[in-house]
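The structure appears right after this line, and notes come after that.
The values are calculated or read from the model by the stated rules, or taken from the named source; none is laboratory data. It should be emphasised that the depicted structure is a prediction, and the values quoted were computed from it without experimental measurement. Note that each Cβ is placed from the backbone with ideal geometry, even for glycine, and that neighbours are counted across all protein chains shown. SASA here: full protein model, heavy atoms, side chains in, ligands and nucleic acids out. Shrake-Rupley method; radii C 1.70, N 1.55, O 1.52, S 1.80 Å.
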Amino acid sequence: MKNYIVFDLEWNQCPEGKIKSIDRMPFEIIEIGAVKMDADLQIISRFHRLITPQVYTKLHSVISEVTHMDMRKLKEEGEPFQEVIRDFLQWCGCDYRFCTWGAMDLMELQRNMEFYGMEIPFEKPLYYYDVQKLYGIAEKDGKEKLSLDHAVEELGIEQSRPFHQALDDAWYTGMVLQHMKADIWTPYISMDYYWVPAAEEEQVTLRFPTYSKFVSRTFETKEDALADKAVSDVVCPYCRRMLRKKLRWFSLNQKQYFSLGACPNHGYVRGKIRMKKAENGKFYVVKTMKATDETGAKHVFQKKEEQRKKRHERSDLKKVKRNLTPPASGIRRRSP
């Protein structure tokens, strides 16, 4: 029987700003709280520990204000990171699925573990439930990302605990999970991107009731990624047919790319690529294929038109600059 480990982290960051932050660990975990839920989503155990900071030994003013934490308490009651995480993983057990509010906690947990030289024992790829995303799918339009306190308020969950404290936020996240119908959210598993495929045979395709998601291997450049056939193919999320493109891949900002295909059985299919950077500095792609209607197809065409206008504006601006720049005057050298 699989349990659900619903956990939350609080972390500190460099009080002197990003410029003095450590790239390998921009956020140092100072608190971890978790609830263990059984298959019926009933809480069967709790875990809570404070962690003594070793990297950022002064609390950032915003972190102190939000968490109501102080360095004296962390030094007196906190324990070494490695010891706390070993105990946490032992408490988790063997058969479980992580659940978090948003995608950052799992990423930062592994980043902290690697910084301290700890072995990361999780499966690759690591699947988990992003309860923030699930709430958007179950209760909203699938696009909204509400804060935890807003979701708790909307669901009418009793706010008997403070927010922004790890164990309490984990408890609230578990309560949100309890309030949603399991048959709605269970198909929408998320994949953690701390580990990403390094080779073609490791690439991942996830299929959901309304869309499919493809996670590519890493590439040296964005251009290499976009040139790869597995990345550029437009595929129907339902029948998996290779589709003829109505619109080839285009981008407005070099981070998101769009395409439009047409399936003879399921109509228009919108493609979306998010270009991401892996921990090793290489690029990988998360491609989503989703069936859409005439309105959705029209929206993609509008984005394409927006791209065309921006391209023409940039071209016109370059011409104006060339016309305004006086020709360089050169001095001829006399022959001896």
**Request:** Answer yes or no: is there a residue in segment 72-94 that is of a type in the set (Gly, Ala, Ser), outside any loop (DSSP other than H, G, I, E, B), surrounded by 16 or more Cβ atoms within 10 Å (Cβ to Cβ) and over 20 Å from the mean Cα position of the chain (by Cα).
**Result:** no
**Complete:** Per the filter on segment 102-132, residues of a type outside the set (A, V, I, L, M), open to solvent by 40 Å² or more (accessible area, probe 1.4 Å) and either assigned to a loop (DSSP other than H, G, I, E, B) or at pLDDT below 95 (or both) are TYR116, GLY117, GLU119, PRO121, GLU123, LYS124
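Of all residues in segment 285-312 being touching a residue at least 40 places away in the same chain (Cβ under 8 Å) and among the small types (Gly, Ala, Ser), which is least open to solvent (accessible area, probe 1.4 Å)?
ALA297
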**Asked** For ARG46, which of the numbered conditions (1) within 18 Å of the chain's Cα centre (by Cα); (2) modelled with pLDDT of 95 or more; (3) charged (D, E, K, R) fails to hold?
**Response** (1)
**Request:** Identify the residue in segment 182-211 that is out of contact with any helix residue (DSSP H, G or I) (no Cβ under 7 Å at 6 or more places or on another chain) and among the charged types (D, E, K, R) and, among all such residues, is most open to solvent (accessible area, probe 1.4 Å).
**Result:** GLU201
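Quick one: is HIS68 within 19 Å of PHE163 (Cβ to Cβ) and either out of contact with any strand residue (DSSP E or B) (no Cβ under 7 Å at 6 or more places or on another chain) or acidic (Asp, Glu) (or both)? Lay out the reasoning, then the answer.
Values: within 19 Å of PHE163 (Cβ to Cβ): yes; either out of contact with any strand residue (DSSP E or B) (no Cβ under 7 Å at 6 or more places or on another chain) or acidic (Asp, Glu) (or both): yes.
Yes.
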**Fill in**
Of ASP8, ASP40, the only residue that is part of a loop (DSSP other than H, G, I, E, B), open to solvent by 10 Å² or more (accessible area, probe 1.4 Å) and either modelled with pLDDT under 90 or of a type outside the set (Gly, Ala, Ser) (or both) is ASP40
**Prompt:** Based on what the data block shows, is PHE214 open to solvent by less than 20 Å² (accessible area, probe 1.4 Å), in contact with a helix residue (DSSP H, G or I) (Cβ under 9 Å, 6 or more places away or on another chain) and over 30 Å from GLU10 (Cα atoms)?
**Reply:** no
**Request:** Being over 29 Å from ASN3 (Cβ atoms) and β-branched (Val, Ile, Thr) narrows it down to one of VAL204, VAL231, VAL196, so name that one.
**Result:** VAL231
**Prompt:** Quick check: anything in segment 52-66 touching a Leu at 6+ places or on another chain (Cβ under 9 Å), modelled with pLDDT of 95 or more, within 26 Å of ASP192 (Cα to Cα) and surrounded by 12 or more Cβ atoms within 10 Å (Cβ to Cβ)?
**Reply:** no
**Fill in**
If we ask which residues in segment 11-32 are crowded, with 23+ Cβ neighbours inside 10 Å and small (Gly, Ala, Ser), their number turns out to be 0
**Request:** Give me the pairs, please: first residue somewhere in segment 242-256 and closer than 15 Å to ALA297 by Cβ, second residue anywhere and assigned to a loop (DSSP other than H, G, I, E, B) and at pLDDT 95 or above, beta-carbon distance under 7 Å, and either six or more positions apart or on two chains.
**Result:** LEU243/VAL234; LEU243/CYS236; LYS245/VAL234
**Given (1) open to solvent by less than 80 Å² (accessible area, probe 1.4 Å); (2) farther than 26 Å from TYR127 by Cα; (3) among the charged types (D, E, K, R), index of the condition LYS282 fails** = (2)
